[in-house]
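Have a look at the structure below before the remarks.
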Amino acid sequence: MFNLRELIGNFEANDGEIVTRREVLIMGALAATTVVAGGAALGQPAIKQIAGSQTYIAKDFTGLIGRGLNGLSANQIEQHLKLYKGYVAKANEIQGKLKDVDVSAANATYAPLRELLVEQSFALNGVIYHELYFANLGGAGGEPAGELRQALEEKWGALGKFIDYLKAAGKCMRGWVIIGWNTRDGHVHCYGLDMHNMWVPAGVIPILVLDVYEHAYMIDYGVDRAKYLDAFVNNLDWDVVAKRFAAACKHHTCPET
Ligand SMILES: [Fe+2]
């Protein structure tokens, strides 16, 4: 049994609501099989129950602009936030259409239900990953400490090697780099995605999320992704990542695996 609020702080749940592992996995499937842990905006719900239905509400990350990130301009962040809000709107639109979709036309080549389910995974992961990304920005970079650092060093040998690996992965992927806690083997790993809903491993809890879509850096750096990756690392909020890690690593190995 998991406490939903503890496991996925981005989602609203009734106080004290307890869900089973199976329910957590079902929610993970809705988010393209990724489970979400913590977030800087813990306690700020992304979903609210309104008239018996779930509606996604964009979080306020404008503080990143006022804070003056080192190497990421206000315009870059503002444009990125506009895009994020677009995903929130589309996630809501899709959810609304799913209520009335014609299920009698179900077909694996084309059906309105199929298209809505596919794009739901794209839009919803567009919301979730952007929230995790913006929430782990705004720090002063530096180095992690404690059990998080220990886990990264255990996996990559040294913190510097982890940072090099993160940047290298950032140069390879076309969408996202996820450092995530794998609930199956109980270790952190690096995962790469070319789209919000492409190649998302099941049972992985993101603890560090890096956006490498061109829209994340083109205004500031043109096609020089390497400089953007330096800026991302310099603005990482390790405290946020550490909180996610602490929440994620409590969950380990599905009994059926
Ligand atoms: Fe993005």
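The values are calculated or read from the model by the stated rules, or taken from the named source; none is laboratory data. In this text the structure is predicted, and so the values were computed from the model without any measurement. Neighbour counts run over all protein chains shown; Cβ positions are idealised from the backbone, glycine included. Accessible surface is based on the protein model in full, side chains and every heavy atom, while ligands, DNA and RNA are left aside. Shrake-Rupley method; radii C 1.70, N 1.55, O 1.52, S 1.80 Å.
Relative contact order (percent) for region 66-192, with alpha-carbon contacts under 8 angstrom and 6 or more residues of separation?
After rounding, I find 16 percent.
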- line: Scoring only Lys, Arg, Asp and Glu (+1, +1, -1, -1) among other residues with Cβ under 13 Å from the Cβ of Met173 yields +1
message: Sort 86-97, 63-74, 195-206 by the packing proxy (mean of other Cβ within 10 Å over each peptide's residues), most packed first.
response: 195-206, 86-97, 63-74
message: Can you give the local net charge around Val233? Use residues other than it whose beta-carbon is closer than 14 angstrom to its beta-carbon, Lys and Arg +1, Asp and Glu -1.
response: 0
field: Mean projected area (nm²) of the alpha-carbon convex hull when region 93-235 is viewed from all directions
entry: 10.6 nm²
- prompt: Counting only residues 5 or more places away or on other chains, whose amide H sits under 5 Å from the amide H of His187 once H atoms are built in the peptide plane?
  reply: Asn182
Order by protection proxy (mean Cβ within 10 Å, highest first), peptides 221-228, 179-186: 179-186, 221-228
Partners for Lys59 among lysines (Cα-Cα distance below 29 Å; same-chain residues under 8 apart left out): Lys48, Lys82, Lys85, Lys90, Lys97, Lys99, Lys167, Lys171, Lys227, Lys243, Lys250
- line: For Ala105, the net charge from surrounding residues (Cβ-Cβ under 12 Å; K, R +1; D, E -1) works out to -1
- line: Taking His80, His252, His215 and ranking on accessible area (1.4 Å, protein atoms only), highest first, one gets His252, His215, His80
